[in-house]
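To keep things clear, I will list the structure first and then write my remarks on it.
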Amino acid sequence: MTKQNTTRTAPYSAVKPDVQLSKQEESILEFWDQEKIFARSMEGTNKKTYSFYDGPPFATGLPHYGHLLAGVLKDVVPRYWTMKGYTVPRRFGWDCHGLPVEYEINKVHKIESRKDVLKMGVANYNAACRGIVKRYSEEWKTTVRRVGRWVDMENPYFTMDVSFMQSVWWVFQELFKKGLIYEGYKVVPYSVGISTPLSNFEANLNYKMVQDPALTVSFPVAGQVDTHLLAWTTTPWTLPSNLALAVGKDIDYVKAKEIATGRTLILAEALLPNFFKAPDQEIEILAKLKGTELVGLIYEPLFPFFGDRADKGAFRVILADHVTTESGTGIVHMAPAFGEEDYYACSKAGIPIVNPVDDDGMFTSEVPDYQGKRVKDADKDIIADLKKKNRVFKQDTIQHSYPYCYRSDTPLIYRAVSSWFVAVEKIKDGLIKNNKTTAWVPDHLRDGRFGNWLENARDWAISRNRFWGTPLPLWRNQEGEIICVGSREELEKLSGQKVEDLHIEFVDKITIPSPTGKSDLVRVEGVLDCWFESGSMPYAQWGYPKSNVEEFKKSFPADFIAEGLDQTRGWFYTLSVIGTALFDQAPFKNVVVNGLVLAEDGRKMSKSLRNYPDPMEVLNQHGADALRLYLIDSPVVKGQELKFSDKGVYDIVRKILLRWWNSYSFFTNYGNIDGFVPKGDAKKSPNILDQWVLSRLHALIANTQKEMDAYRLYNVVPQLLQFIEDL
């Protein structure tokens, strides 16, 4: 036996059981880099193309667990299809424009309003924005590489590049030609924190439970002694702009005399118990009326600011469909500039609009008592003034869910603004039809969350009165002539001027001579919503249609995309709107939607709270394989929430990866001692254990292919882990 050991060569490299997996991963990453393994996996001109769109992250901040999760999904699926023989281009991209970048600059330069930007100079401001875009790129590269993701970060696309921006102009121009772009004056969600309107889906991205004042206000009826209409509001700051009171036509109202004071109150009969504990003892019902009987009743204005509007039909009772008896008094205070339903109801009744709030959310000189105050900050002063006038019937507080700006984290208001819109409602049927052609994972999202969102789709406000973004490609003169430009080359041809860049500090200097000899056309103010840019990404990443026409055709629609649940009202939606508008086609065939990664305590992960471990520390301590397995084998891959636990990642190392490693270590040690060499065709082995484990292996392969082909990653990992257990 001793003699045999001296001549036998050990067939297996020895494996130490005390391995440090994270260190081993670093040597593998070095090997991949040295041998250019990712690039080599993409070689071969005869392979079919499998198309994948990578939604660009904003170039502000470092990657967090939400990014890592999405990145793992975006790595696993393309690797699988590469192994199936496809070429899978994976080009990284950066979202460069929009509010996140501006917000960073505003903090650095202490900018609080549009006036501050203009004082700094738009060119200087945009130069500062441009300068921070690449600030975090190296840190991103480090983290993306460390997590083991294969993606081309050396040749990324930037939404601020001219090639990308002019593709966005082309998209806008195509929609303009189809009659899907229009200018309108509408009430939209508005962020006073960043002085710009938001789209309706952006307003749905950040709701909070908050306390607000709930005020019941009395409005004296003109010509009727001590008779008051009662209206309820949770936005006291809108009361200086009150122009009407609305009732429901079929709601039952009462005129009730308050026994203690002798005054007469008008409100919905069903809501009397909200104000009187013992109605029989506290009030006397003088009359019962339908809402239609109250229409036309004139009342005295709360404030004198817009008293002259009475001559134009203001300060009277009107009908509105949205009035209910679920809360309040059954009578709704109407400030048409600050509520969508208010706007439509007052417009129908012929009542003119007043809008005494500027772009920074501050009261203007039209309401001198509160001039220069941010609207929500003025609530206390307005309530105090109404109390002095004896107009506050009841004051409460209400706990309710309220939308906040998802960038500045300030409460949104609703405000009438002039904006440019995509007429989404015109193509709603196409959107719904095309959505039926896509496969969603989890599948209930297609007809559920996303389908319901499409059913209720509204026209999309796409212009922003900001500075750092793709400018609206519209030129107009005083006579009303308008030209929509689709590229830099077209602008040069129309203007006769050289165009270096497409940002506003460059294009706003350029005028276009009138084609009919009228006055010169100048650019219409505003930039495009950055969501319009990300929705244009399938075309703009290639610079289509000016370049890479064949590459675009091969890649559209995408075979696969993946992002978080919040993108059902973000990127997935804007991709769908633009894909349907341009080509009447869904721009992606398969979409995997991950849930949100929360802190271990169930709260949102927050840098300020420090309620989650640093991702790089977890990667360096436990390794990327453990983190990837932990994320993929969790409810988050089914669109559910995950409370991230560092212990959970460690358990993957301890219970799975080390057991797997030690099993192989055991095999190599004894294989070398025994000189074991496989005999060849394992299928012919007479050993029942060989037959069994091979059967399990082929069942695992079959299950993996079936579930991966259907993008059900949550059915892949459990079977893999069970196989390791059996092995």
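The values are calculated or read from the model by the stated rules, or taken from the named source; none is laboratory data. Quick caveat: nothing in here was measured; it's all calculated off a predicted structure. Ideal geometry is used to build each Cβ from the backbone, glycine not excepted, and the neighbour counts take in all protein chains shown. Note: areas computed on protein heavy atoms with side chains; ligands, DNA, RNA excluded. Shrake-Rupley method; radii C 1.70, N 1.55, O 1.52, S 1.80 Å.
Please state which one of THR470, THR437 is of a type in the set (Val, Ile, Thr) and surrounded by fewer than 16 Cβ atoms within 10 Å (Cβ to Cβ).
THR437
Restricting to region 356-378, name every residue that is farther than 11 Å from PRO240 by Cα, open to solvent by 10 Å² or more (accessible area, probe 1.4 Å) and not aliphatic (A, V, I, L, M).
ASP358, ASP359, THR364, SER365, GLN371, GLY372, LYS373, ARG374, LYS376, ASP377
Restricting the search to region 640-655, which residues are open to solvent by 100 Å² or more (accessible area, probe 1.4 Å) and out of contact with any Asp or Glu (no Cβ under 9 Å at 6 or more places or on another chain)?
Within region 640-655, GLU641, TYR650, ARG654, LYS655 meet the criteria.
Looking at region 515-530, I want the residues that are among the polar types (S, T, N, Q) and have a partner that is open to solvent by 40 Å² or more (accessible area, probe 1.4 Å) with Cβ atoms under 8 Å, at least 6 apart or on another chain. Which pairs are those?
SER519/GLN478; SER519/GLU479
For region 259-274, enumerate the residues that are open to solvent by less than 40 Å² (accessible area, probe 1.4 Å) and within 50 Å of the chain's Cα centre (by Cα).
Those that are open to solvent by less than 40 Å² (accessible area, probe 1.4 Å) and within 50 Å of the chain's Cα centre (by Cα): THR264, LEU265, ILE266, LEU267, ALA268, LEU271, LEU272.
Per-residue answers, yes or no, for (1) crowded, with 19+ Cβ neighbours inside 10 Å; (2) not in a helix (DSSP H, G or I):
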residue	(1), (2)
LYS553	no, no
ALA562	yes, yes
GLN567	yes, no
LEU575	yes, no
THR580	yes, no
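Looking at VAL144, VAL210, can you tell me which residue is touching a Pro at 6+ places or on another chain (Cβ under 8 Å) and under 24 Å from LEU69 (Cβ atoms)?
VAL144
Just a yes or no: is a residue in region 328-343 surrounded by 20 or more Cβ atoms within 10 Å (Cβ to Cβ), at pLDDT below 95 and part of a helix (DSSP H, G or I)?
Scanning region 328-343, I find at least one residue that is surrounded by 20 or more Cβ atoms within 10 Å (Cβ to Cβ), at pLDDT below 95 and part of a helix (DSSP H, G or I), so the answer is yes.
Mind checking which pairs have a first residue in region 432-446 that is in a helix (DSSP H, G or I) and a second that is aliphatic (A, V, I, L, M), Cβ under 7 Å, 6 or more apart or different chains?
Cβ pairs passing all conditions: ILE432/LEU454; ASN434/ALA586; ASN435/LEU454; ASN435/ALA586; LEU445/VAL593.
What are the residues in region 384-411 that are at pLDDT 90 or above, buried (at least 19 other Cβ atoms within 10 Å of the Cβ) and assigned to a strand (DSSP E or B), if any?
The answer is PHE393, and nothing else.
Can you say whether ASN5 is at pLDDT below 85 and part of a helix (DSSP H, G or I), as far as the supplied structure shows?
yes
Can you confirm whether region 665-679 contains a residue that is over 26 Å from VAL653 (Cβ atoms), at pLDDT below 90 and of a type in the set (Phe, Trp, Tyr)?
yes
Filter region 465-494 down to the residues that are within 27 Å of the chain's Cα centre (by Cα), in a loop (DSSP other than H, G, I, E, B) and modelled with pLDDT of 95 or more and list them by number.
Within region 465-494, THR470, LEU472, PRO473, GLY486 meet the criteria.
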